[in-house]
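Below is one structure, written out as structure tokens; comments come after it.
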Amino acid sequence: MNRLQTASLITARVLLALVFLLNGLGIVDQSEALRELIGRGAPVSIAPTLLWIARAVEVIAGASLAFGIAPELAAVALIGFLIPATWVGHPFWLEKGESIYIPQLINFFKNVAIIGGLLFVASIGNQTSLLSTSVLYRRKLKPPS
């Protein structure tokens with residue numbers, strides 16, 4: 001991989017990771033997600049625990065993805081989180097009325113696009129970590145090919 005490819009891949013990983021880190025760290029309010037989870041049939045007694053597990057996956061896998069620590073595994077973990085979260089959180093097919101249907105449709109396919117990006121990251125082997133890349137570039141060494 002040349003420098004531009006390495007820098008592009010690292011930038012893509014960081015940008016993908018941001019949405020998961022923001023959700024997982026609670027910067028984005030998760031009260032609506034909890035209501036949707038309960039509304040879709042999750043027992044009230046375990047819904048908060050499920051949300052905390054999801055947030056832990058988002059933070060751990062998101063940080064791993066951003067820093068390039070086992071990025072393939074992190075991408076697969078985030079796909080595993082995102083598929084059920086998208087299915088439960090954005091069921092556009094259940095919505096009546098355009099004012100609710102359109103935002104759900106957009107968010108559903110936004111998540112589908114994120115899954116596509118994660119699949120791309122998961123399919124690339126031998127990725128350089130963010131920390132090792134900065135050290136390599138500071139020393140003017142070539143990153144591993």
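The values are calculated or read from the model by the stated rules, or taken from the named source; none is laboratory data. Since this is a predicted model, take the numbers as computed values, not measurements. Don't worry about glycine lacking a Cβ; one is built from the backbone with ideal geometry, like all the others, and counts go over all protein chains shown.
What to note about this one:
- Hits in region 25-59 (condition: more than 10 Å from the chain's Cα centre (by Cα), part of a helix (DSSP H, G or I) and touching a residue at least 24 places away in the same chain (Cβ under 8 Å)): Ala33, Glu36, Leu37, Ala54, Arg55, Ala56
- Scanning region 17-40 for residues that are more than 17 Å from Gly117 (Cβ to Cβ), β-branched (Val, Ile, Thr) and surrounded by 12 or more Cβ atoms within 10 Å (Cβ to Cβ) gives Val28, Ile38.
- Total residues in region 65-101 satisfying the condition of being loosely packed, with under 15 Cβ neighbours inside 10 Å and within 21 Å of Asp29 (Cα to Cα): the figure is 5.
- Failed criterion for Val88 (all others in (1) closer than 30 Å to Leu131 by Cβ; (2) in contact with a helix residue (DSSP H, G or I) (Cβ under 8 Å, 6 or more places away or on another chain) hold): (1)
- Verdict on Gln127 being in contact with a Gly (Cβ under 9 Å, 6 or more places away or on another chain) and touching a residue at least 40 places away in the same chain (Cβ under 8 Å): yes
- In region 75-109, the qualifying residues are those that are farther than 22 Å from Ala42 by Cβ and in contact (Cβ under 8 Å) with a residue 24 or more places away in the chain, and the one that is farthest from the chain's Cα centre (by Cα) is Val76.
- Qualifying residue in region 93-109 (condition: part of a helix (DSSP H, G or I), out of contact with any Pro (no Cβ under 7 Å at 6 or more places or on another chain), at pLDDT 90 or above and closer than 30 Å to Leu131 by Cα): no
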